[in-house]
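These notes are about the structure you will find just below.
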Amino acid sequence: MLRPSRWRWSSAEERAKNTNIDTSLIEAYLTSDKPVHCRRTLDQYSYYMLETTESRDLDQVVYKEPRGEKARDERIPPGARHRPVIMIDQLWLWILPDGTLPSTADAGEPYNLKRRLEMALFDDPSESPIQSVDDLVQAILKTCLDFFKCEGPCGVKFQDCFQYSISDIAEDEAKMYTKYKQTVKFLEALGPAAFSNEKHIDTFSQVTNETKRLVEIMDIQDELSIVDSVLVTQKNVLQMLIQQMHKRSDSDKKSKQKIDATMLSALRDSSRIQEAIRVVENNISSVAEMIGSAKRVQEDVTLLPTSPGRWQINY
């Protein structure tokens, strides 16, 4: 999910209340087979062995892209208090036989699940009204899984930020290569006198820009790989949920108990979960495409002929 890198609680009392609730929840499931995990940044999720990931968190693509460093989106000024950061969170969802659907949502976050559900259900006239447990399950899953269409602070979108960043580096790489060819052409025109032109020759050993772009594109690939691992986990969990639905349905048939079909529709009908899996698979494909683009850009930057040993002058 996208959330502001900093936020304010409405009151100290509310903050203390929510903190106590969160602490109690974590302590209760701390030694469970399926423990509760705190909301974490991408790097906290992947590099959990590090003492701190603050510098890595502030280097996130979605954090830097709208900050003004790329001068693309001026809606978020450099000194803005709120900037987007990608977070990894858990969704706890219980489907009870009586049709009750308890879940969890962080009330302290302005971009929490509850708020996003309200926006989807009440602010979007194109959405169908909730008429059953099935509808509510589908709405929750769609809100949580359709991450690429989710807008964070100031309308920032995950996919746009990564595509813009990759395109920017590719454009810089093309400019550096063009500059290299112009320099080579200039030195070729000088003939033997080119070797005394230290100013232009030295430019071949100045790889600061190339190194910076290489680090950036590698960071992008790293973040996309982490996102991909989360998406794969989502798909696996949804597939396990379908299996549990089928087992529960088979058990109900064997017991021959009279159970309201409406109440158990969410357990017996896996079509909505299949739809959620398709959303995740589309997200996985999109991330794979961006990883491929980033890899090609990295290869191009790596192959830039900027070192003295990789150029020659023909007479």
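The values are calculated or read from the model by the stated rules, or taken from the named source; none is laboratory data. Computed from a predicted model, the values in this text were never measured in an experiment. Here the Cβ positions follow ideal geometry from the backbone for every residue, glycine too, while neighbour counts run over all protein chains shown.
Quick notes on this structure:
- Across region 73-119, the qualifying residues are those that are at pLDDT 70 or above and among the acidic types (Asp, Glu), and the one among them that is farthest from residue 37 (Cα to Cα) is 98.
- Long-range neighbours under 9 Å by Cβ, at least six apart or interchain, first residue at positive phi within region 284-299, second modelled with pLDDT of 95 or more and of a type outside the set (Asp, Glu): none
- Some residue of region 290-307 being modelled with pLDDT of 90 or more and either touching an Asp or Glu at 6+ places or on another chain (Cβ under 8 Å) or farther than 21 Å from residue 161 by Cα (or both): yes
- Residues (at pLDDT 80 or above and within 14 Å of the chain's Cα centre (by Cα)) located in region 142-156: 144, 145, 146
- Remark: pairs (first residue in region 226-238, in contact (Cβ under 8 Å) with a residue 60 or more places away in the chain; second residue surrounded by fewer than 18 Cβ atoms within 10 Å (Cβ to Cβ) and among the small types (Gly, Ala, Ser); Cβ separation under 9 Å; 6+ apart in sequence or on different chains) = 228/288.
- Considering region 173-216, and only residues there that are farther than 24 Å from residue 293 by Cβ and basic (Lys, Arg), the residue that is modelled with the highest pLDDT turns out to be 185.
- Residues located in region 158-188, provided they are aliphatic (A, V, I, L, M) and surrounded by 16 or more Cβ atoms within 10 Å (Cβ to Cβ): 166, 169, 170, 176, 184, 187
- Test for residue 126: is it at pLDDT 80 or above and surrounded by fewer than 19 Cβ atoms within 10 Å (Cβ to Cβ): no
- Here residue 219 meets each of (1) at pLDDT 90 or above; (2) closer than 21 Å to residue 94 by Cα; (3) acidic (Asp, Glu) with one exception, condition (2).
- Identity of the residue in region 30-56, at pLDDT below 85 and surrounded by 15 or more Cβ atoms within 10 Å (Cβ to Cβ), that ends up nearest to the chain's Cα centre (by Cα): 39
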